[in-house]
Amino acid sequence: MDERDQFRRAAIGQGVPEDEVARFAELIRFRIHACQREEGVHAGRRGGRPRLPVGMPWPTCPEGSPLPFLLRLDCAALPRVPDLALPADGTLLFFLDQEGAQDVCGIENEKAYARVVYVPVGAGTVDGEDVLPAGTDLGRLLAPEHEMYAGLQAELPDWLDDSEDWLCDTQIQLLRDMPHRKEMSALLEQLWPERKSWLSKDVFVGGYTISAQDPPETFMMDRERIQQARSLPRAEQMVAQYEEQRRVMREWVPLAQFGVPDEAYVNARFLIRHDDLAAGRFDRALSFCEFTE
C-alpha cells in the first residue's frame, strides 16, 4: 500500500464517499523536501565538490566554460515517492549556469547551460577538480556547502484555493463535486505534516512545480492546440488550456527545484519526462531557471 492508498483508506474511514475521495486523491502529488535542518534522512549535499565518473569531463556550456556545481542527491537515501521512478541507488549531480540560462531564449537553448549527471553506485569516480583545465577558478564553480536531510510531503494544486472567477468550468465542477475537500485537506496535513520550507536553502523533488510567475508547463504546452482553442468562446478556451496543461503535467515531473545560492531571486528548476526518468535518461532533463523579481 503506497501513500495515496493510505490516504484513500483514511478518508473513506472518516465517512467521505469513495467517488469524492478518488477525485481528490487524483490531485495529490507527493514530493521529497530536503533541508539543512537535521530532520528525516540524510539525502545529499548542496554545494561542495562533485565526484565525476572516471573519464567524464566537467560539464561545460556552449562557450566552453565549466558549469557551476550546485547539488548532489543520494538516491538510495531518498524517501520513495508514489509515481516517481527515481533510481534506487547512485547519485544525481546538478550543474547550472543561471546567468547563461537566463540570457538565452527558448527551452532547448537553456538546456545547454544546465546538466544532470547520474553516477551509478560502484562507479569509479574522481574529484571534479582533477578534470578541470589548468588555471580554472574553482571557487567560481562551487556553491556554499551544507548537508541535506529529507522527508516526504503531500501537495495539492494552488488553484484549489482560488476564487471561481479565476477557474475554468472543469475546475469549478471539480470543486463542487468535492464538498468535503477541506476535511480531506486537513487529513492530508495530519498524515504528512508540512515541513517548513525556505526555497533559497531547501530542495524539492517531485510534486508540483514552484513558480512565482508562469509555471514551466505553460511554455511546454502544444502551441498548435492552444492556437486552435483561440477560436472558441472564452469559457471553452480556458477549459482547453487547463486540459493541455494537465497533459503536460502528467508527462513531466520536477526532478529538482531549489534556490540558486547567492541569488536571492533566482530559482533552479529541472523537469524530466516520467518515461525518461524511469529509463535513466537524465541527459533529457530540461532547465527552467526563474527570476522571481
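Each value in this text was obtained by applying a stated rule to the coordinates, not by laboratory testing. Here the structure is a predicted model, which means the values were calculated and not measured. Glycine gets a Cβ as well: all are built from the backbone with ideal geometry, and neighbour counts include every protein chain shown.
Within the stretch 270-293, being among the charged types (D, E, K, R), under 17 Å from Val81 (Cβ atoms) and in a strand (DSSP E or B) holds for one residue alone: Arg273. Entry remark, the stretch 212-234: residues being in a loop (DSSP other than H, G, I, E, B) and either within 18 Å of Leu286 (Cα to Cα) or of a type outside the set (Gly, Ala, Ser) (or both) number 8 in total.
Among the candidates Ala112, Ala77, single out the residue that is more than 17 Å from the chain's Cα centre (by Cα) and either within 16 Å of Val41 (Cβ to Cβ) or aromatic (Phe, Trp, Tyr) (or both). Even if it seems obvious, please write down each step before you answer.
Numbers: Ala112 fails: either within 16 Å of Val41 (Cβ to Cβ) or aromatic (Phe, Trp, Tyr) (or both).
Result: Ala77 is the single residue among Ala112, Ala77 that is more than 17 Å from the chain's Cα centre (by Cα) and either within 16 Å of Val41 (Cβ to Cβ) or aromatic (Phe, Trp, Tyr) (or both).
Of all residues in the stretch 90-102, none are touching a helix residue (DSSP H, G or I) at 6+ places or on another chain (Cβ under 9 Å), among the charged types (D, E, K, R), assigned to a loop (DSSP other than H, G, I, E, B) and more than 24 Å from Asp158 (Cα to Cα).
Looking at Ser163, Ser185 in this structure, which one is hydroxyl-bearing (Ser, Thr, Tyr) and under 22 Å from the mean Cα position of the chain (by Cα)? Lay out the reasoning, then the answer.
Values: Ser163 fails: under 22 Å from the mean Cα position of the chain (by Cα).
Just one listed residue meets the conditions, Ser185.
Every test in (1) farther than 15 Å from Leu93 by Cα; (2) in contact with a Phe, Trp or Tyr (Cβ under 9 Å, 6 or more places away or on another chain) is passed by Arg115 save one, and that test is (1). Considering the stretch 88-100, the residues that are more than 16 Å from Pro254 (Cβ to Cβ) and not charged (D, E, K, R) include one that is surrounded by the fewest Cβ atoms within 10 Å (Cβ to Cβ), namely Ala88.
On the basis of being over 18 Å from Leu142 (Cα atoms) and not charged (D, E, K, R), does Pro82 make the cut? When the stated conditions are applied, Pro82 passes them. In the set (1) free of Cβ contacts under 8 Å to residues at least 24 places away in the same chain; (2) over 15 Å from Gln241 (Cβ atoms), Gln213 fails one condition alone, (1). Residues of the stretch 119-149 that are among the charged types (D, E, K, R) and either assigned to a helix (DSSP H, G or I) or more than 28 Å from the chain's Cα centre (by Cα) (or both): Glu129, Asp130, Asp137, Arg140.
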